[in-house]
Amino acid sequence: TRRVYKRGQFAKAWLANKRGLAYVLGPRLPFEAAVGVPSADIRAKPRAAQRVDPMDASRLTQVLYGERVKVLEAKGEWVRVEVPGQPQPAPGGEWRGYQGWLRADQLRTPASPFGPTLVVRAKRLEVRWRDAAGLEETLTLPIGARVAALSSSGAVAKVALLDGRAAEAP
């Protein structure tokens, strides 16, 4: 039987009876995701660096925007991932991707069903789009980042970002 409640009624009942508790269900582990920030550190342990240190021994490697990772485990705001595109020798003589910890908010489940088709070959690339209010936004991608091409016209290409937005790249 379907019953529709007004928002205020539902909120009152939910907060009183469940104290606002909610479960968020995600995909079963393991699953594939893509890096949604220009670059992200893969760390040895699920904790952030205390200070900026270029020689930080707990930073195992970095992954770039659009790079695919396999999420193996979740622990709070961190996920343990494997980076298939960066193979290393594993016990038993086999090869597998780097494994380490990454902040979960740096990942995206790609909106686009197709994978990246372009790799940034310049030191950096600024992609631009207009938000809902018409203001221009930019995202600066490092060399090696991956984006999906939608179309190109002259010196400008239209690319798909991981969140589903279309942006322009020179």
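The values are calculated or read from the model by the stated rules, or taken from the named source; none is laboratory data. What you see is a predicted model, and the numbers here were worked out from it, not measured in a lab. Neighbour counts run over all protein chains shown; Cβ positions are idealised from the backbone, glycine included. Areas reflect the complete protein model, heavy atoms only, side chains present, ligands, DNA and RNA absent. Shrake-Rupley method; radii C 1.70, N 1.55, O 1.52, S 1.80 Å.
Considering only residues of segment 27-48 that are within 20 Å of Leu162 (Cα to Cα) and open to solvent by 40 Å² or more (accessible area, probe 1.4 Å), which is modelled with the lowest pLDDT?
Only one residue fits best here, namely Pro27.
Could you grab the pairs with beta carbons closer than 6 Å, sequence gap of 6+ or different chains, first residue in segment 134-146 and within 11 Å of Leu118 (Cα to Cα), second one open to solvent by 50 Å² or more (accessible area, probe 1.4 Å) and of a type in the set (A, V, I, L, M)?
Arg146/Val119
Does Gly66 meet the test of being touching a Pro at 6+ places or on another chain (Cβ under 6 Å), open to solvent by less than 30 Å² (accessible area, probe 1.4 Å) and either among the small types (Gly, Ala, Ser) or not in a loop (DSSP other than H, G, I, E, B) (or both)?
So Gly66 passes the test.
Every residue, every condition in (1) at pLDDT below 90; (2) open to solvent by 80 Å² or more (accessible area, probe 1.4 Å), yes or no:
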{"position": "Lys70", "(1), (2)": "no, yes"}
{"position": "Trp95", "(1), (2)": "yes, yes"}
{"position": "Gln106", "(1), (2)": "no, no"}
{"position": "Thr109", "(1), (2)": "yes, yes"}
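What are the residues in segment 74-90 that are open to solvent by 60 Å² or more (accessible area, probe 1.4 Å) and closer than 16 Å to Leu29 by Cβ, if any? Can you show your working first?
As a first pass, look at segment 74-90 and keep what is open to solvent by 60 Å² or more (accessible area, probe 1.4 Å): 74-77, 80, 84-85, 87, 89.
Within segment 74-90, Ala74, Lys75, Gly76, Glu77, Arg80, Pro84 meet the criteria.
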